[in-house]
Amino acid sequence: MSLEPFQQSAALSLGVELELQLVNTHDYDLAPYAEDMLRMMAKYKLPGAVVPEMTSSMIEVSTGVCRSSSEVLGQLSQIRDALVKCADKLNIAVVGGGTHPFQQWHERRIYDKPRFRELSDLYGYLSKQFTIFGQHVHVGCPDADSALLTLHRMSRYIPHFIALSASSPYVQGQDTAFDSARLNSVFAFPLSGRAPFALTWDEFTVYFDKMAKTGVVRSMKDFYWDIRPKPEFGTIEIRVFDTPLTVERAAALSAYVQSLASWFMNEQPFMPTEDDYLVYTYNRFQACRFGLDAVYVDPATGEHMALREHILLTMHQINKHAEAVSASSSLKVLRGDINRNHNDARWLRERQGQERLLAEVIRQAAGRFRGSAPQF
């Protein structure tokens with residue numbers, strides 16, 4: 001297998017994918033209704049796509065190519081409204097969040113699709129444990145080399161994305177003490193983690209060809225990296241976000257990605273190096289474990305600082321780029337949450353602290369996804 005050519009795309013264009021939970025409405029556990037939802041959603045004329053995921057209680061939705069985060073929000077809102085209508089007819093609910101708080105992985109069913117069956121045969125129980133839910137953000141790059149430069153520049157900000165999107169504090173009925181426990185499941189896969197350090201497409205092609213010759217990979221889909229190039233779309237794809245509880249937050253996160261990418265492409269603020277990755281796994285762990293309370297180690301200077309302060313500093317640095325891509329209002333919302341030390345993981349814990357019943361937390365989260373619950 002050879003690496004496909006890097007396709008043309010509009011620089012800074014956006015695409016967003018959301019993996020969503022399907023739950024029943026009597027105990028709010030996961031429910032295997034993906035096939036029914038897909039059949040019903042096919043009747044709607046919607047942007048993007050709705051497709052199955054690894055297990056039958058999951059569904060993935062995606063936007064088309066968008067120019068701005070407001071366009072992302074418009075498309076996700078249309079898809080969300082159709083999902084809610086279909087779910088109501090099936091007497092189920094659709095929920096965001098990076099993990100379902102109390103589902104038991106062994107009860108899951110692999111969705112009947114050749115690739116999913118193949119992955120199940122290869123990865124065994126990990127496939128069912130992959131009933132986790134993420135947001136993926138694609139950003140368009142003008143050419144293959146700029147895609148790799150943008151990918152490695154973006155790697156410094158992976159902890160930002162994790163902390164801002166974290167929504168998976170509960171697993172198997174337990175508070176994990178992580179804001180994002182979801183990524184621990186991703187790390188179990190052998191081709192996860194960071195991309196190899198290649199700054200030109202020629203270098204990356206050499207790497208891919210070597211991997212293909214081993215028989216370990218056949219396409220880019222076989223890599224579960226935190227950020228990976230997607231040559232068929234002409235994008236890079238950032239994969240560390242937990243699925244937020246609302247489409248509004250999903251769009252705001254895409255606004256932050258687009259603003260950062262504009263800064264990278266227009267100002268070339270720094271040249272990434274292999275040494276950036278010396279603290280990569282540590283910073284990633286800190287963000288997963290502590291969210292906005294994490295410590296961030298600057299890979300260039302070695303300075304230790306509060307992650308929330310590094311995010312706020314970065315947002316100040318990219319302010320004019322946020323304005324240029326009409327993302328200022330989204331970043332203002334995110335800054336407000338940072339100043340309140342609030343993310344979706346905190347919301348879930350606050351609800352559980354008050355309700356003492358995870359099923360009730362999921363019921364409220366389902367209401368929040370559809371836009372009918374108060375924004376606590």
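Overview of results
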{"read-out": "Computed over segment 1-115: relative contact order in percent, which uses C-alpha pairs under 8 Å that are six or more apart", "value": "33"}
{"read-out": "Cβ charges +1 (Lys, Arg) and -1 (Asp, Glu), total dipole of the chain, debye", "value": "780"}
{"read-out": "Estimated distance in nm for a label pair at residue 35 and residue 1, the labels positioned 7 Å out from Cα along Cα-to-Cβ", "value": "2.7"}
{"read-out": "Prolate/oblate/rounded label for segment 188-303 (Cα gyration tensor, a/c 1.5)", "value": "rounded"}
{"read-out": "Residue-count net charge about residue 4 - beta-carbon cut-off 14 Å; Lys, Arg +1, Asp, Glu -1", "value": "+1"}
{"read-out": "222 nm mean residue ellipticity, helices alone, for the chain (DSSP H n ≥ 4; -39,500 (n - 2.57); rounded to 500)", "value": "-13500 deg cm²/dmol"}
{"read-out": "Theoretical gain in end-to-end length, residue 49 to residue 354 [0.36 nm per residue, Cα-Cα removed]", "value": "106.1 nm"}
{"read-out": "Candidate lysines for bridging to residue 320, where Cα separation is under 27 Å - those fewer than 8 sequence places away on the same chain excluded", "value": "332"}
{"read-out": "Cα centroid of segment 8-55 to Cα centroid of segment 68-89, whole Å", "value": "10"}
{"read-out": "Label point at residue 210 placed 7 Å out along Cα→Cβ; residues across segment 258-279 whose backbone nitrogen lies under 20 Å", "value": "273-278"}
{"read-out": "Dipole-positive endmost among 77, 310, 25 within the chain (Cβ charges, Cα centre)", "value": "25"}
{"read-out": "Sequence-separation-based contact order of segment 275-315, relative, with Cα cut under 8 Å and 6+ spacing, percent", "value": "32"}
{"read-out": "Cα→Cβ-extended label distance, 7 Å offset, between residue 320 and residue 70, nm", "value": "2.2"}
{"read-out": "Residue-span extension gain [residue 218 to residue 342] - 0.36 nm each, minus C-alpha spacing", "value": "40.6 nm"}
{"read-out": "Label-reachable residues, segment 204-229, where backbone N falls under 18 Å from a point 7 Å from residue 118's Cα toward its Cβ", "value": "209, 211-225"}
{"read-out": "Residue 24 versus residue 109: modelled label distance in nm, points set 7 Å from Cα along the beta carbon direction", "value": "1.3"}
{"read-out": "Over 23 Å (Cα to Cα) - which of 210/230; 85/221; 45/221; 43/89; 89/221; 43/85 fall in this group", "value": "85/221; 45/221; 89/221"}
{"read-out": "Cβ-based charge dipole, segment 115-254, positive-most Cα from 132, 152, 204", "value": "132"}
{"read-out": "Relative contact order, percent, the chain [alpha-carbon distance under 8 Å, six or more residues apart]", "value": "22"}
{"read-out": "Alpha-carbon Rg/Rh ratio, for segment 126-190, with Rh computed the Kirkwood way", "value": "1.06"}
{"read-out": "Sites residue 177 and residue 274, calculated FRET efficiency, Cβ-Cβ separation with R0 35 Å, nearest 0.05", "value": "0.65"}
{"read-out": "Three-way shape call for segment 1-76 based on the alpha-carbon gyration tensor, with the a/c threshold at 1.5", "value": "prolate"}
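Taken together, the values in this text are just the output of simple stated rules run on the coordinates, not laboratory data. The structure displayed is predicted, hence computed values, not measured ones. Positions of Cβ are backbone-derived with ideal geometry, glycine not excepted, and every protein chain shown enters the neighbour counts.
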